[in-house]
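Every read-out reported here was derived from the displayed coordinates using simple, explicitly stated rules and does not represent laboratory data. Worth saying up front: this structure is predicted, and the values here are computed from it rather than measured. Cβ atoms come from the backbone with ideal geometry, glycine included; neighbour counts cover every protein chain shown.
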Amino acid sequence: MAMASPTSTSAICSQPWLCTQTYCGSPMPSKSLVIFGAGGHAKVVLDALFASGGDFGRIELRDGDPELWGKLVLGLAIGPLHISSELAETPCHIAIGNADIRRRIAAEIHSAGGNLVTIAHPRAIVSPHATLGAGSFIAAGAIIAPNAVVGEAVIVNHSAIVDHDCLVGAFSHIAPGAVLGGGVTIGRRTLIGAGATILPGCSIGSETIIGAGAVVTRTIGDREKVIMVPASKVV
Ligand SMILES: CC(C)(COP(=O)(O)OP(=O)(O)OC[C@H]1O[C@@H](n2cnc3c(N)ncnc32)[C@H](O)[C@@H]1OP(=O)(O)O)[C@@H](O)C(=O)NCCC(=O)NCCS
């Protein structure tokens with residue numbers, strides 16, 4: 001799999017499921033990989049890990065919903081969501097679709113000394129000239145083109161395209177099949193809905209929602225919700 005860091009363009013990743021500037025090409029960390037979240041998105045993340053051939057250590061699943069504790073997700077048991085100093089130096093990934101929860105848990109993991117790790121499905125295409133932020137997730141079929149910069153804990157979902165020179169802010173989510181044309185800028189905690197298209201060069205603000213299937217032809221500000229073709233504000 002192609003590497004994400006501009007400093008690692010020639011590196012061959014020995015752990016394709018675990019792709020970060022910290023661990024690329026490094027020996028497998030001895031600690032468990034802790035995955036936060038056990039819902040639908042967690043299944044997608046686990047699937048990406050399994051698709052890599054299973055060459056990883058123990059995976060621990062943690063979720064805040066007591067109803068789920070002890071249950072299985074894709075064969076893995078779910079435990080309580082606790083975050084403390086036992087996470088120091090532990091590889092962690094937040095597999096939760098909600099941006100605010102992702103942001104809150106990321107802050108707690110940082111305080112506890114844990115390391116957010118990036119996971120890319122082995123059948124995602126990530127340019128060696130792109131940069132993936134810590135804790136981001138790149139699903140099967142997604143493409144991250146040269147000079148794209150994907151922020152911390154961003155989700156680029158199945159078959160989404162982040163074209164050249166795009167900037168995607170922390171905790172945003174590019175939903176399945178969405179297309180960001182070249183040079184698009186996306187703020188923080190923004191959702192680009194499934195199948196939406198953002199024309200090249202457009203800017204989208206923070207905490208904004210672009211509805212599924214919308215085509216964005218102009219700049220969209222912060223905290224807006226737009227739908228349709230061309231995209232216009234939901235009133
Ligand atoms: C845009 C969106 C956020 C609107 O959600 P909402 O505020 O709850 O809006 P509602 O569902 O109440 O719909 C309001 C109206 O807009 C229409 N509408 C909703 N989403 C639409 C869309 N994406 N395109 C066109 N029309 C849409 C509804 O049919 C409804 O029309 P009506 O008033 O004539 O009945 C949501 O529909 C959406 O597209 N979310 C993206 C989901 C997604 O892709 N998630 C990724 C998961 S991996």
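Ranked by how many other Cβ atoms sit within 10 Å of their own Cβ, fewest first, the residues VAL234, VAL117 fall in the order VAL234, VAL117.
For the chain, the longest principal axis of the Cα atoms and the long axis of helix 99-112 meet at an angle of about 40 degrees. In the chain, helices alone account for a calculated mean residue ellipticity at 222 nm of -3500 deg cm²/dmol, with every DSSP H run of four or more residues adding -39,500 (n - 2.57). What is the pair-distance distribution P(r) of the stretch 98-201, computed from all Cα-Cα distances in 5 Å bins starting at 0, with each bin given as a whole percent? P(r) for the stretch 98-201, in whole percents per bin: 3, 15, 24, 29, 15, 9, 3, 1.
Restricting the calculation to Cα atoms, every distinct pair contributes to the Kirkwood radius of the chain, found to be 17.6 Å. For the stretch 109-235, the antiparallel share of DSSP beta bridges with both residues in that region comes to about 5%. Neighbour counts of C-beta atoms inside 10 Å place SER84, SER172 in the sequence SER84, SER172, starting with the fewest. Shown is the FRET efficiency for SER203 and ASP100, computed with R0 = 22 Å from the Cβ-Cβ distance and rounded to the nearest 0.05: 0.50.
Straight-line reach from LYS233: taking Cα to Cα under 20 Å and skipping same-chain neighbours fewer than 8 places apart, the aspartates and glutamates in range are GLU207, ASP222, GLU224.
How much net charge surrounds ILE155 when only the other residues with a Cβ under 15 Å from the Cβ of ILE155 are counted, with Lys and Arg +1 and Asp and Glu -1? Taking every Cβ under 15 Å from that of ILE155, the sum is +2. Charged neighbours of HIS110, selected by a Cβ distance under 13 Å, balance to 0 (K, R count +1; D, E count -1). Given their separation in residues at 0.36 nm each and the Cα-Cα distance between them, ALA88 and THR219 gain 43.1 nm when the chain is fully extended. Per residue, the average separation of C-alpha pairs within less than 8 Å and at least 6 apart gives the chain a relative contact order of 13 percent. Here LYS43 is the anchor, and the aspartates and glutamates within straight C-alpha reach of less than 15 Å, apart from those fewer than 8 places off in the same chain, are GLU60, ASP63. Here the chain carries DSSP beta bridges of which approximately 10% are antiparallel, counting only pairs with both residues inside. The charge dipole of the chain, taken about its Cα centre with unit charges on the Cβ atoms of Lys, Arg (+1), Asp and Glu (-1) only, comes to about 320 debye.
Principal-axis analysis of the Cα atoms of the chain puts helix 40-51 at an angle of about 60° to the longest axis.
Simple rule: put +1 on each Lys or Arg Cβ and -1 on each Asp or Glu Cβ in the chain, find the dipole, and look at ILE204, PHE36, GLY133; the Cα lying farthest toward the positive end is ILE204.
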